[in-house]
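Quick notes on the structure that follows.
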Amino acid sequence: MSDSVAFVPPAITDEDITWVCGVLNLPPTAFSGADGKDPRYTVLRSTETIDVEACPGSGKTTLLVAKLAILARK
């Protein structure tokens, strides 16, 4: 029998997103879009397992790097 505890990922805040945009030299709205409705924002803030499917050049790798940077920082 295992005594392991399930991993609970930390919440990702708007401050975290602002920080990672600065670290990656991205504009402040890189993950929220000019209108605040970019689906990458929802993916970045999510603590659930999500499959991301999009065309080449859409920012999937940047999104992953940003999320990993935030989680590593925490």
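Assorted remarks:
- Scanning the stretch 12-25 for residues that are without any contact (Cβ under 8 Å) to a residue 40 or more places away in the chain and open to solvent by 50 Å² or more (accessible area, probe 1.4 Å) yields Asp14, Glu15, Thr18, Gly22, Asn25.
- Among residues of the stretch 54-74 being touching a helix residue (DSSP H, G or I) at 6+ places or on another chain (Cβ under 8 Å) and over 25 Å from Ala6 (Cβ atoms), the one that is surrounded by the most Cβ atoms within 10 Å (Cβ to Cβ) is Gly59.
- Enumeration of residues in the stretch 8-29 that are outside any helix (DSSP H, G or I) and within 15 Å of Arg73 (Cα to Cα): Pro9, Pro10, Ala11, Ile12, Thr13, Leu24
- Single residue of the stretch 42-53 satisfying the filter (in a loop (DSSP other than H, G, I, E, B) and open to solvent by 60 Å² or more (accessible area, probe 1.4 Å)) that is nearest to Leu68 (Cα to Cα): Thr47
- Of the candidates Val65, Val52, the single residue that is over 13 Å from Ile12 (Cβ atoms), within 13 Å of the chain's Cα centre (by Cα) and modelled with pLDDT of 95 or more is Val65.
- Check on Ile70, at pLDDT 95 or above and touching an Asp or Glu at 6+ places or on another chain (Cβ under 9 Å): yes
- Test: Ser4 is in a loop (DSSP other than H, G, I, E, B), without any contact (Cβ under 8 Å) to a residue 24 or more places away in the chain and open to solvent by less than 70 Å² (accessible area, probe 1.4 Å): no
- Filtered residue count, the stretch 30-41, keeping only those that are assigned to a loop (DSSP other than H, G, I, E, B), of a type outside the set (A, V, I, L, M) and open to solvent by 70 Å² or more (accessible area, probe 1.4 Å): 2
The values are calculated or read from the model by the stated rules, or taken from the named source; none is laboratory data. Because the structure is a prediction, the values reported are computed rather than measured. Cβ coordinates were reconstructed from backbone atoms using ideal geometry, including for glycine residues, and neighbour counts include every protein chain displayed. Remember, those area values only see protein heavy atoms, side chains included, never the ligands or the DNA or RNA. Shrake-Rupley method; radii C 1.70, N 1.55, O 1.52, S 1.80 Å.
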